[in-house]
Amino acid sequence: MSFQILCWVFVLGGLGTIIRYGFQNMDFLDAAIELLFINGFGSFFIAGIYRLNPQNLAWKTGLTVGFCGGLTTMSAFSAICVQIFENQSLAVCLLYMMVHIAFGLFACWFGYGLFCRERGNGM
């Protein structure tokens, strides 16, 4: 791994983390819903990156591992699922998990399809 790749991951990972932190501190939605939208955007964005396939490995790695990795997080998803389970019920927790995963997959599919059209390769 090159120093250039590490620099892009560091800088763009920091940017993704700052954006996520900003969304979390706006307090306009419940934390579980905020995370749903943050991870949905990350799924949409990473699909676009993979579809556009930048040839610069440092830039591509910085955007995917750095920015998307800093923006989205599995640990927050897991923690919110545990909180829902403890405060509500297993059924509500499982429903949230299914909606979250389905929304992420839909956002990824939508982003991939949108960027296919941008390149002239419709889905």
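Could you pull out which residues in region 65-105 have an amide N less than 16 Å from a spot 7 Å beyond the Cα of Leu15, following the Cα-Cβ vector?
65-72
So which residue, out of Gln83, Gln24, Gln55, gets the largest mean-square fluctuation from a GNM of the chain using Cα contacts under 10 Å as springs?
Gln55
How much accessible area does Val11 have with a 1.4 Å probe, in Å² rounded to the nearest 10?
Probe radius 1.4 Å; accessible area of Val11 about 90 Å².
Of (1) 1.04; (2) 1.00; (3) 0.91, which one was derived for Rg/Rh (Cα atoms, Kirkwood Rh) from the structure shown?
(1)
Quick one: accessible area per residue over the chain, 1.4 Å probe, rounded to a whole number of Å²?
Averaged over the residues of the chain, the accessible area is 63 Å².
Top mean-square fluctuation among Met97, Met74, Met26, Gaussian network model of the chain, C-alpha springs under 10 Å?
Most flexible of the set in this elastic network: Met26.
The values are calculated or read from the model by the stated rules, or taken from the named source; none is laboratory data. Note that the structure is a prediction, hence the values are computed from the model and not measured. Neighbour counts are summed over all protein chains in view; Cβ atoms, including those assigned to glycine, are modelled from backbone coordinates with ideal geometry. Note: accessible area is taken over every heavy atom of the protein model, side chains too, but ligands, DNA and RNA are not part of it. Shrake-Rupley method; radii C 1.70, N 1.55, O 1.52, S 1.80 Å.
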